[in-house]
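Step one of this worksheet: look at the structure below.
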Amino acid sequence: MIADEFTITGTLVWYYYICPREVWLQSHRINPDEDDQNMTWGRYLHEHAYQREKKELSFGGSKFDFVQDKDGQLLVVEVKKTDRYRKSATMQLLFYLYELKYY
């Protein structure tokens with residue numbers, strides 16, 4: 001069996017540092033429980049956080065929560081419900097910066 005092409009995204013980078021099993025599941029197109037309380041809260045945050053800002057810019061294999069020009073500097077923002085997974089969020093943002101630099 002030949003696997004379909006697989007795209008690495010910022011979300012997968014984030015999950016890799018929290019739960020490599022989740023990355024494996026998603027890479028095999030096995031999606032999480034959409035009715036999970038955390039998924040519901042994440043969708044709510046996505047829709048209501050930073051309402052004044054332009055939302056979700058797609059670039060390469062990623063979707064940034066929002067991007068803005070701050071004093072001539074590009075500011076890439078990823079909204080999380082907690083800072084508990086700081087390393088995974090940092091790696092996700094570094095992946096986004098890598099994509100911006102090399103694409």
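Readers should treat all values here as calculations from the given coordinates under stated rules, not as data from a laboratory. Since we're looking at a predicted model, the values are computed, not measured. No Cβ is skipped: glycine too gets one built from the backbone with ideal geometry, and neighbour counts run over all protein chains shown.
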* Per-residue ³J(HN,Hα) for the stretch 65-74, Karplus 6.51 cos²θ - 1.76 cosθ + 1.60, θ = phi - 60°, Hz, x for Gly and Pro -> 4, 6, 10, 9, 8, 10, 6, x, 10, 7
* Could you go through the stretch 83-94 in sequence order and give the Karplus-derived ³J(HN,Hα) for each residue, using 6.51 cos²θ - 1.76 cosθ + 1.60 with θ = phi - 60°, rounded to whole Hz, and x for Gly and Pro? => 9, 4, 9, 4, 5, 5, 5, 5, 5, 5, 5, 5
* Long-range HN-HN contacts of Phe59 with modeled amide H, under 5 Å -> Phe64
* Points 7 angstrom from Cα along the Cβ direction at Thr40 and Tyr17: gap in nanometres? -> 2.9
